[in-house]
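Structure, as structure tokens:
Where a number appears in this text, it was derived from the coordinates with a stated rule and is not lab data. These numbers were taken from a predicted model, which means no experiment stands behind them. Cβ coordinates were reconstructed from backbone atoms using ideal geometry, including for glycine residues, and neighbour counts include every protein chain displayed.
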Amino acid sequence: MQSPFLSLTLLNAHSLKFLTKVNQKNRGRMKNLIAGNWKLKGSQNLADSYLNHLSENKPVNCTLLVCPTFDLLEYISEKWSQDFGFLGAQDCYHDDSAFNEGLASADKVARTGAGYIILGHSDRRHKCQETSGLVRKKVNLAWKHGLLPIVCVGEKSEERKSNLTQEVVKKQIIESIDFDHLDGSFVIAYEPVWAIGSGNIPTMEEIGIVHDEIRTLLITKIGSHQGKNIPILYGGSADSNNAEQILAVNNVNGLLIGGASLDIKGFGTIINKA
Ligand code: 13P
């Protein structure tokens, strides 16, 4: 098995900076990664309000990641400072050799200056019927183009009710990441489908159980040293009221935030608390 840290030459400057931060965390506590996923929302006004806020309030204690729509990614990246953190994209097409109309390739994403890419989000898995096999192809393409994939996993409400949460999450991770041919590093985001945009979240104990299971799986797959240093984010109705509590849970290394990232004031509070 290849080490995710052996292929550093494939990673771009953003990713390298991130990995340096991750490695620094080996000596202390892992720095939280706070990621805003604007989904199809957002505007140039929101981008400007982020830029204004961040120029006055640079994130100190956490690593910030902002994932706008593709058009806004280009807009914001022109004014982005590395002191603010990182930019990321939402999804890419799974084949960069084909002549496909209207889709963003991993190559195009990397050219915007993005360092990360969200893959396997529940919107893609369930609204666009994307399989873990497809997500795996995208993860490989992300690595090829020097992007750090954030691989999203999470159970549906009926799976939770049938006590299948851990089984579903582990299967999605195993099938979405080619552990036998790792060509870069990655981040996992645990996002229960039923919690996304609903205002409902699992109990802290439930989050802890799933995150511990994910950590154990990663250690089994890639060894203790690397497995312990893969950030595992929680996502699903995280906001300024519950962020601190969720971040205190063992093996929660950050948040992937949708709705609450559309207001920089509230999101700024989360950045400060992280
Ligand atoms: P909400 O924070 O709006 O629940 O969305 C979570 C999410 O899907 C982030 O990717």
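Points worth noting:
- Leu182 long-range amide H proximity, modeled H, under 5 Å: Gln2
- Projected label points at Glu101 and Asn272, each 7 Å from Cα along the beta carbon direction, are separated by 5.0 nanometres.
- Footprinting exposure proxy for Val66, Val135, Val249 (fewest neighbouring C-beta atoms within 10 Å first): Val249, Val135, Val66
- Once backbone amide H atoms are built at 1.01 Å from N, Leu255 has Leu33, Ile34, Ala35, Tyr234 as its partners under 5 Å, excluding neighbours fewer than 5 places away on the same chain.
- Computed from the C-beta positions of Ile174 and Ser77, the FRET efficiency with R₀ = 30 Å rounds to 0.35.
- This ranking places Asp91, Asp71, Asp48 by how few other beta-carbon atoms lie within 10 Å of each, fewest first, which gives Asp71, Asp48, Asp91.
- 12 Å reach of a label modelled at Glu206, 7 Å along Cα-to-Cβ, counting backbone N of segment 161-188: 161-166
- Length gained when the stretch Glu56-His181 is fully extended (0.36 nm per residue, less Cα-Cα span): 40.8 nm
- Qualifying chymotrypsin sites (Phe, Trp or Tyr not before Pro) in segment 32-138, DSSP loop, other Cβ atoms within 10 Å at most 12: Phe99
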